[in-house]
Amino acid sequence: TVSGATAAMLLTGTPPGAVAATPAHVRSHLAAPPAGDPVVAWNRILLGVLRTPGAQPTTVHATRSLAIVHAAIYDAAVAIDRRWSPYLAAERAPRHASVSAAIDAAAHSSLIALYPALRPPLDDEYARALALIPGGMRRNEGIRIGEHAAARILAQRADDGSSATPPPFTPGSQPGDYQPTPPAFAAPVFTHWAAVTPFALKRADQFRPPPPPALPGR
C-alpha cells in the first residue's frame, strides 16, 4: 500500500513532510475515483504530479504530458478491445489480455519516462494497482501491451520540439504587438510552443482564423 505522504504528494501535489498527510487529508482535496476505473485513477495521479513543485519542466507545457499518458492508455486499451481505431498503429493484442493491466502499465511507463525523479512513488502506485488484478497470463499480457503502447507514443514524441529553449521575447512597437501587462509585467511563456509538433493537427496554424482588419491610417 502507499503511505499517506506518498499519496498526498501524488494526489495533491504536496511534498512529503510539508503537511501532516493522512488519507483524510487526501480525501479532503480529491474524491476517490470510481471503483475499477484505472483511467480516472491514473489521470488523478498525473494531476497530482503536475501540482508537485519542481516536477514539471518550466518550459514544457503540462498538456504534453496529459496527451502522452492518455494516448498511451487509449492505444493500450484499443489494442485489446479493438472497437476503435488506435492513435498510432497498434498491435492486435489477444482479447484475453487484461485491459486494466494494460492501462496501468501504459500510464506507469509513460509517467516514469516523463518524471523519472518521481519513479519511487509512481512505482508504489503501480504495484498497488496491479495488486487489484488477478495474476497470471491475462495480467502479464496486459502489462506487455501497455508497456509497448507507452514506448510507441514516447518514441513518436521524442523529437517533437518540446525540449527547445524558448526564444527571448522583445516587445514590439507596432499596433497589435503584445506588451507585458501589470502587475508583474512578465514576459510571455512557451514562446517556442508554436513549433512543437501537434498531437492531432497537421500543423499548429491549420485552423488559425484570418487576422483582424488592418487599422486605418491616420
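The values are calculated or read from the model by the stated rules, or taken from the named source; none is laboratory data. If you're wondering where the values come from, they're calculated on a predicted model, not measured in any experiment. Using ideal geometry, Cβ is built from the backbone for each residue, glycine included, and neighbour counts are taken over all protein chains shown. Please note that ligands, DNA and RNA were not included when accessible areas were found on the heavy atoms of the full protein model with its side chains. Shrake-Rupley method; radii C 1.70, N 1.55, O 1.52, S 1.80 Å.
Annotations
- Within the span defined as segment 156-179, one or more residues are of a type in the set (Val, Ile, Thr), assigned to a loop (DSSP other than H, G, I, E, B) and on the phi < 0 side of the Ramachandran plot.
- Selection count, segment 104-123, where residues are open to solvent by 10 Å² or more (accessible area, probe 1.4 Å) and under 16 Å from Ala149 (Cβ atoms): 5
- Scanning segment 40-60 for residues that are aliphatic (A, V, I, L, M) and part of a helix (DSSP H, G or I) yields Val40, Ala41, Ile45, Leu46, Leu47, Val49, Leu50.
- A single member of Val40, Val49, Val26 is open to solvent by less than 70 Å² (accessible area, probe 1.4 Å), modelled with pLDDT under 90 and closer than 26 Å to Leu132 by Cβ, and it is Val26.
- Qualifying residue in segment 175-191 (condition: open to solvent by 40 Å² or more (accessible area, probe 1.4 Å), in contact with a helix residue (DSSP H, G or I) (Cβ under 8 Å, 6 or more places away or on another chain) and in contact (Cβ under 8 Å) with a residue 60 or more places away in the chain): no
- Segment 91-128, residues that are within 20 Å of the chain's Cα centre (by Cα) and part of a loop (DSSP other than H, G, I, E, B): Tyr115
- Of all residues assigned to segment 61-83, none qualifies as being closer than 21 Å to Leu130 by Cα, open to solvent by 50 Å² or more (accessible area, probe 1.4 Å), part of a loop (DSSP other than H, G, I, E, B) and not polar (S, T, N, Q).
- Count - residues of segment 129-147 that are surrounded by 15 or more Cβ atoms within 10 Å (Cβ to Cβ) and assigned to a helix (DSSP H, G or I): 11
- Sole residue being at negative phi and at pLDDT below 95, chosen from Leu111, Leu201: Leu201
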